[in-house]
1. Assuming 0.36 nm per residue, please report the length gained on full extension of the stretch residue 329 to residue 640 beyond their Cα-Cα distance.
2. Quick check: convex hull of the Cα atoms in the range 415-501, volume per residue, rounded to a whole Å³?
3. Quickly work out the residue 560-to-residue 579 label distance, labels modelled 7 Å from Cα along the C-beta direction, and quote it in nm with one decimal.
4. Considering only the chain, what is the antiparallel percent among its DSSP beta bridges, to the nearest 5?
5. Quickly rank 507-514, 401-408, 489-496 as a protection proxy: mean count of other C-beta atoms within 10 Å, highest first.
6. How far, in degrees from 0 to 90, does helix 529-539 lean away from the longest principal axis of the Cα atoms of the chain, to the nearest 10?
7. Tell me the angle of helix 609-626 to the major Cα principal axis of the chain, expressed in degrees between 0 and 90 and rounded to the nearest ten.
8. For residue 198 and residue 20, what is the calculated FRET efficiency with R₀ set at 51 Å and r taken between the beta-carbons, to the nearest 0.05?
């Protein structure tokens, strides 16, 4: 293969910038999903009273278990207090709720009652306006953790996170700070376990007073209005802290019970107050500092952004899934139809027997040029072979001349690039039909014959052959073999039917010389000269077709680095060609088919779909951590099964043994990521307006003869 000299004004784009941007985006995306997963999927949804406390009570002081519901576990000495006689501190847990909290507040205003609301941080972040209303109407705020976590069982770091972030959210939402804390799943002081007592002492070190309850309405059970009223009614005249809920489900019974309980209790001489008023605690709630308010706004914004990010990602996942399924269905249906029509007769049915000129551009191809030329000379169709040595320094031209093969000519020129070498070959060609071959490609004996048969139709200007991976041993080779058969060849069948073939591969393609001359030969303005050439032919009105029986074997990169360089050049060159020929979208005839069918397909499935792939991978990790991992694995298995089904069908169409498909699941973890990173890098390079330098591929000389079934079996065994 020839090498393009670096463009004079080309600038190398610093890869570091691209990867820094991509890494930053992935970090932000991962952080947003982690925050959303923590605040939404580690949320304790069980009602407080549903969990029964377990464990011993040996470390809990007797004064606490026999004391009041408001506990100060200070290191200097634990103490607790009870509400004043004939005083009920009405408390609500788990809010604020956009549906029920406003109704509770409206009812409390009509009843002229003040209450204490123990709020969940994530709920406050979602509904800061309700939190501000609670404060504005004279009610009291307490902390019920960030995600309704059980403080008795959580680790120290999570306990600190649950409290501190809730404190910041309250500061950002309502501009307040409160020391009142009701631990989720707590009940009365007499039920405190050793683990809960340790948590209470730890929270006291953070500055919190624990507020338990003496009466549990059990409204979370929804036992009926009468039962809630009975559970909430004091038996004597002792002061009480009553637990109710303004969130966590249907609170219709709670509202109805309140409307009966409050008047009845007042009639018995009870008054209703906030927790601090009930126990004569000097105004515990105070204004938050400016710094905490700013931090709180930042936390609330981050939570909202994480929710928004997940919403966007969800739609992107739907788009990626739809595109994947659409591509699978489209290519398989097209391939099935193409297979039924594979034995078309071209033109009037008369076989094409005229001689063919085969042009082999060569730059330092000594490793594989002999095998390539010998396979061409062995063709069962009359050919002349022109090897254009593009300034090789490894003796490529001398090697070909030393073979003294009949019908083979060598033309030497100074290094000018592959397009220039091919144009040189065109000028020297003796025949109208021209086959272009890479110097690392080995032809089957009948490949040239099959390749030129479609030219019996005068509308056909170019024919794509069936390029197969020859060095398919090893995992990387198998993956590329699968990609060629399942990806490239299925696509070519679709493009053939839709008459919008965007690329005749440089490894195996045939052209009318007159058609090439009419469009001015090959251009060197893109790095994908084969794609640029094919699109130019389509826009000139020629039809480009696919002949699957014209088989040629090519060398695939044997290392990830070499694969990256090859695909980077291919992808960037394809983007260049798409941009160059963008006018085809609005043209008619054969050019319009290329634009509206071929370019749209490339844009959707070879540009946009790979760009969505990192989002899919990040969300898959999110699902394994925060969602049902078995469901995520099931979706992944379904995706792999869809690919495997496509692979089996494509391998059968190409008469390939399905053995290499065992490596398809592994392809999802390395190869797939490499391919979408190539697309991302190419898009970044193109958007930045930089030009990519030509990078010559490594040659291994691994193909001496066309591989056969034995090679497939040997590769599968390895």
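Every number here is computed from the coordinates shown, using simple stated rules; none is lab data. Model, not experiment: these values are computed from the prediction. We place every Cβ from the backbone using ideal geometry, glycine too, and count neighbours over all the protein chains shown.
1. On the way: separation 311, 0.36 × 311 = 111.96 nm, distance 1.48 nm.
That pair, residue 329 and residue 640, stretches by 110.5 nm at full extension.
2. On the way: hull volume 11.9 nm³, N = 87.
Per-residue hull volume (Cα only) is 137 Å³.
3. 2.9
4. On the way: 17 of 63 bridges.
Of all bridge pairs located within the chain, approximately 25 percent are antiparallel.
5. Values: 507-514: 22.6, 401-408: 13.0, 489-496: 25.0.
Those peptides, ordered most packed to least, come out 489-496, 507-514, 401-408.
6. Taking Cα atoms only, the helix is inclined about 80 degrees.
7. Between the helix axis and the principal axis of the chain, the angle is about 30 degrees.
8. Details: r = 45 Å, r/R0 = 0.88.
Using R0 = 51 Å, I get an efficiency of 0.70.
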